[in-house]
Every structure is written in C-alpha cells, then in structure tokens.
Amino acid sequence: MPTSQKKEPVLDTEKLYQVANKLRQLVVDMLLEAGTGHTAGSLGTAEIFTALYFHTLNIDPQNPNMKNRDRFVLSNGHIVPIWYATLSHRGFFPEKELWTLRKINSKLQGHPVLGTVPGIENTSGSLGQGFSQAIGMALAAKMDKQNYRIYCMTGDGELDEGQVWEAAMFAPNKKLNNITWIIDRNNIQSDGNTEDVMPLENLKEKLESFNWFVIEIDGHNIAEIISAFNMAKTITQRPTAIIAHTIPGKGVKFMENDFRWHGIAPNSKEAKTALEELKTLKGKILYD
C-alpha cells in the first residue's frame, strides 16, 4: 500500500460502539493488573478514541511514521491507558504489551513517552504542555506546507493551567485551522468537581472570545463526534475546539461521576463487577 494512503477499518456505528466497549474492558483489565492508574477519564473517553482511531485519523498501523499521517497528542497524559488500549486494538502493537502497564522497564508507563511504542506522538508532562506541543506541530505543518491534521485532547481540569490559555491565544493568531482541540468536559479533577475547584463556565463563550470555532457535543455519541471532526475540517480561518461532554467512569455505574475514581485503579472485586457490567452491555449505546 502506498505510504500516502491510510488503512481505514470499515466499521458502522454499531460496531464502533462495540469497539468502545471492548476498549473499556481492556482498560479495566490493565488497571487491575497494574494496581494503579487513572480509571475515570480512561473509561469516559472511549467513544472519542474509537471515533479517532477507527474512523477519522489518517494513519497506517503498518507504517506508523508515514510522513503525512495525522497526529494525535494526549495532553492529559494520565488517561493514557485508553490510548494504549486503542493503539493495541488498532494493530500498532501486540495486546500482550498492555499487561505490562506501569511496571518496571515496561514500554507502557503511566504517562505516554515518545518512542516507546508505535503510535505515541508525544511525551506528556505537567498538564497543559501537550496542548502547546500540538500547536507547535500544527505550526510546523503549515511552515512545511503539509496537509496533515493535528488532534489534541486536554482534560477540563487541565484548563486551570495558564499555559493552556497562552496556547489558546497563539493558535488563532496564526490561523492554525489544521488543529482540532478536544476538551474532555467531564467536570471532575483530582481534587473534586471542576466547578467547585476552579469554575470554567461559560467555557464556550471563553473559547469563542479567543477566536476559536467551538462545537459542543455529547462525547459518548459517536455520530456527533464524527460529525464534529468532519466539521472541523471545513473551518478555514481559525482553529476548532470541541467541547465533549462526557461522564467519567462511563459504562460502570458505581464509578460514574465520582471524582474519587480520577486517579485510582479497581481492586479485583471492583474489576469483576465492572467487567460483568460492560460485558452485559455488549456494545449497546451507552448514553440516554
């Protein structure tokens, strides 16, 4: 296959939901094996990662470094379990690697590290830095006259960081229409609910005042996610931000909307309950 052409799985919406469900199960198993990690955000973004890697991104797992590939940057690197699960399920590396998460000498550390496994495009650090990295990539693509796109995910608690807003000013100033900023708006962070710690609303109006084109979606509705990604490609004069409203811990009732699951892993009893619930769903649509 030519390096300029991606391998795109042909999946309908129902199958995409089944993939998201499978990714959630992998995350639970990984975190149980590791005994540590971030559960809520990993489960809450499964549909977004599914839409990206099984529909939208121009990528080829057999040629992960092809020059014109789309780049995905994970700024809120603590939810990397869902990224690892997605990359493995998409064929970038063997599933057996997943069970080494957070172990000594593992390629799969608690935050993504560039160069460890195929498909990882950034090393994440303190929150806020990945967004600046992504904007740098988008600027480089413009300077090099390349037409690939950059997709960057941040958390909403991450928006407490001043660096995010410096970057948010920079991208519209340079008319970086080749970057799509995905904000996981799950309303929690490590210290509690975002609106109690550092209120963000009205977030849409704030971003628009920085000259971003803003789309708000249900982050569990795959059709809405894909539609937003497609719309972003049509915006020519400024960058696009997608506020994806998600439920942390989605798919596991006792974890949903509980900020305490932000940074802990399930024990064996909790994992068994979670997996039983996810397997019962069998990929059914997980939103009302």
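The values are calculated or read from the model by the stated rules, or taken from the named source; none is laboratory data. Note that this is a predicted model, so its numbers are computed, not measured. Every residue, glycine among them, receives a Cβ derived from its backbone with ideal geometry; neighbour counts consider all protein chains shown.
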Note on the range 65-120: residues surrounded by fewer than 17 Cβ atoms within 10 Å (Cβ to Cβ) and among the aromatic types (F, W, Y) are W99
Of the residues in the range 246-260, those that are among the aromatic types (F, W, Y) and either more than 19 Å from T154 (Cα to Cα) or at pLDDT 95 or above (or both) number 1
Mind checking which residues of the range 175-189 are crowded, with 20+ Cβ neighbours inside 10 Å, more than 23 Å from N221 (Cα to Cα) and not aliphatic (A, V, I, L, M)?
-> N177, N178
Write out, first by first residue and then by second, each pair whose Cβ atoms fall under 7 Å of each other, whose residues are 6+ apart or on separate chains, and whose first residue, in the range 80-99, is under 20 Å from N122 (Cβ atoms) while the second is of a type in the set (S, T, Y).
-> P81/S42; I82/S42; I82/T45; T86/Y53; R90/Y53; E97/S88; L98/Y84; L98/S88
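Table: residues versus (1) touching a helix residue (DSSP H, G or I) at 6+ places or on another chain (Cβ under 9 Å); (2) modelled with pLDDT of 95 or more; (3) buried (at least 16 other Cβ atoms within 10 Å of the Cβ); (4) among the charged types (D, E, K, R).
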site: M143; (1), (2), (3), (4): no, yes, no, no
site: D191; (1), (2), (3), (4): yes, no, no, yes
site: D196; (1), (2), (3), (4): no, no, no, yes
site: L203; (1), (2), (3), (4): yes, yes, yes, no
site: W212; (1), (2), (3), (4): yes, yes, yes, no
Mind listing whichever residues of the range 1-37 are over 16 Å from K279 (Cα atoms), modelled with pLDDT under 95 and among the acidic types (D, E)?
-> E8, D12
Hey, any hits in the range 7-29 for a residue that's in a loop (DSSP other than H, G, I, E, B) and within 17 Å of the chain's Cα centre (by Cα)?
-> no
If we ask which residues in the range 223-268 are touching a helix residue (DSSP H, G or I) at 6+ places or on another chain (Cβ under 6 Å), more than 24 Å from H78 (Cβ to Cβ) and surrounded by 21 or more Cβ atoms within 10 Å (Cβ to Cβ), their number turns out to be 2
Only one of (1) hydroxyl-bearing (S, T, Y); (2) in contact with a Ser or Thr (Cβ under 6 Å, 6 or more places away or on another chain); (3) part of a loop (DSSP other than H, G, I, E, B) is not met by T180, so which one is it?
-> (3)
Answer yes if at least one residue in the range 168-176 is among the polar types (S, T, N, Q) and part of a helix (DSSP H, G or I), and no otherwise.
-> yes
Just for the range 145-156: of the residues that are more than 14 Å from the chain's Cα centre (by Cα) and touching a residue at least 60 places away in the same chain (Cβ under 8 Å), which one is surrounded by the most Cβ atoms within 10 Å (Cβ to Cβ)?
-> R149
